[in-house]
Amino acid sequence: DMAKNPGRARNTEGFFLIYKVMTNEVKTLFHQIEDRYCKMTWTHTIQLKEADWKLVKSKYLKIIKQFLSAISSAGIISIAFTKIGSETWVELGTAAFTVILMLVTWLSDNSKLEAEATRSRILAAECHNLRNKNESLLTDIKSGCVNEKEIVTRREFLEVQENDFLSKNLPVASKRAIKKATKALKVDMQAKTTEEEKRAIIPDHLRLEEE
């Protein structure tokens, strides 16, 4: 077995013991898949931040429209211009305010923003799935559970899935979403799980004893 597969050997219990030896060919494959894992992580995070930003915009636009509608319904504009003492100003002010309210309502379509946010979240979920598959393959390579042929087969299968995902005409990410994603991944390390988090979340009976 060792002659055919120098990266691992069976122990007496039938499990594989992994050596710290990886062929150059496998290393090349590993680094390529590693690069794809990073790209999928970036895309996943950016789409999430894009969805969050659109929902925030939708929320504030709703508040603005409700505020303007309340002012219009209460007749505050008429009262304000009446204080000036000119009926002409009352008519002009009311008309101008009505036009502004109509423009805000027309230009700020909340349903469109919410639909775009939902689409970004769906795309983020698909991207998260691809990221996890790449992560699983990297784990299998590093633990010696797959040979070079199996690595290539799974990599090519993931390539097809990734191409299908990228062919969905992904929305252009805003600068704000990219900035938020950069902070989340590089500063806040949201893609990583700390040992403290593991100890708090994983039950003791599921944790491996550290040597």
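Values in this text are rule-based calculations from the coordinates and carry no lab data. Everything numeric here is computed off the predicted structure, so don't read it as measured data. Note: ideal-geometry Cβ built from the backbone for every residue, glycine included; neighbour counts use all protein chains shown.
Under a crude label model (7 Å from the Cα following the beta-carbon direction), how far is ASN110 from ASN147 in nanometres?
6.1 nm
Evaluate the distance, in nm, between pseudo-label points positioned 7 Å from the Cα of ILE63 and of SER167 along their respective Cα→Cβ axes.
4.3 nm
Each residue of the stretch 153-167 in turn: what ³J(HN,Hα) in whole Hz from Karplus with 6.51, -1.76, 1.60 and θ = phi - 60°, glycine and Pro shown as x?
Rounded to whole hertz, the list is 4, 5, 5, 5, 5, 5, 4, 4, 5, 5, 5, 4, 5, 6, 7.
Can you figure out the FRET efficiency of VAL56 with ASP204, using R₀ = 41 Å and their beta-carbon distance, to the nearest 0.05?
Computed FRET efficiency for VAL56 and ASP204 comes out at 0.55.
Give the distance, in whole Å, between the Cα centre of the stretch 124-154 and the Cα centre of the stretch 159-211.
Using only Cα atoms, the two centres lie 15 Å from each other.
Which of the peptides 183-195, 34-46 is most tightly packed, and how do the rest follow, judged by the mean count of other Cβ atoms within 10 Å per residue?
Descending mean neighbour count gives 34-46, 183-195.
Step through the residues of the stretch 22-28 one at a time and calculate ³J(HN,Hα) from phi using the Karplus curve (6.51 cos²θ - 1.76 cosθ + 1.60, θ = phi - 60°), rounding each to whole Hz and writing x for Gly and Pro.
Values per residue, Gly and Pro as x: 10, 5, 4, 5, 5, 4, 4 Hz.
Per-residue HN-Hα couplings for the stretch 199-207, Karplus 6.51 cos²θ - 1.76 cosθ + 1.60 at θ = phi - 60°, whole Hz, x for Gly and Pro?
Along the stretch 199-207, the couplings run 5, 7, 9, 7, x, 4, 6, 9, 8 Hz.
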